1. Which residues, taken from region 84-94, are in contact with a Pro (Cβ under 7 Å, 6 or more places away or on another chain) and surrounded by fewer than 21 Cβ atoms within 10 Å (Cβ to Cβ)?
2. So, in region 26-41, of the ones that are surrounded by 15 or more Cβ atoms within 10 Å (Cβ to Cβ), assigned to a loop (DSSP other than H, G, I, E, B) and touching a residue at least 40 places away in the same chain (Cβ under 8 Å), which residue ends up farthest from the chain's Cα centre (by Cα)?
3. Give me a count of the residues in region 42-83 that are exposed (fewer than 15 other Cβ atoms within 10 Å of the Cβ) and either within 11 Å of the chain's Cα centre (by Cα) or among the polar types (S, T, N, Q) (or both).
4. What number of residues within region 42-62 satisfy the criterion of being over 21 Å from Gly11 (Cα atoms), modelled with pLDDT of 95 or more and in a loop (DSSP other than H, G, I, E, B)?
5. Find the residue count for region 63-88, including only residues that are out of contact with any His (no Cβ under 6 Å at 6 or more places or on another chain) and assigned to a loop (DSSP other than H, G, I, E, B).
Amino acid sequence: MNTYSGSCHCGAVRFSFRAPEITCAMQCDCSICIRKTAYLTPAKVAQGDMEITAAGDALKTYRFGTMAAQHHFCGTCGIHTFVEPRLSPGTFRVNLGCIDGLNTLHLPSEIFDGKSL
């Protein structure tokens, strides 16, 4: 397991988590993920392996449809930081673009069929 850290663009939402080495990315094609073009961690991060720090009330959550998935973002800069997926409550998929020192443009990616959910 590796420890990763990251933040939104302005730094108001910071996080760290433990996960296997990130060697690829996952892209979801649901109606919200396709619009934000986020590359996500392929492995789900357990709640106990994720630490989140947010300044004041900077961390915001957006829900739609079944209201099960929780899409978290910074209310200051608007950057999507992570999601608690509908199919795996209590876990996270992290926006790889928010992880310090990781360049998502150099990672192979796989598509998750969220559109069919």
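1. Just the residues of region 84-94 that are in contact with a Pro (Cβ under 7 Å, 6 or more places away or on another chain), to begin with: 91, 93.
Across region 84-94, the qualifying residue is only Thr91.
2. Here the answer is Cys30.
3. So the count comes out to 4.
4. 0
5. Let us first name the residues in region 63-88 that are out of contact with any His (no Cβ under 6 Å at 6 or more places or on another chain), namely 63-72, 74-76, 78, 80, 84-88.
Add one more test, that the residue is assigned to a loop (DSSP other than H, G, I, E, B), and what stays is 63-69, 75-76, 78, 85-88.
Matching residues across region 63-88 total 14.
The values are calculated or read from the model by the stated rules, or taken from the named source; none is laboratory data. Owing to the predicted nature of the structure, the values given are computational and were not obtained by experimental measurement. Because the Cβ atoms are built from the backbone with ideal geometry, glycine has one as well, and the counts that use them run over all protein chains shown.
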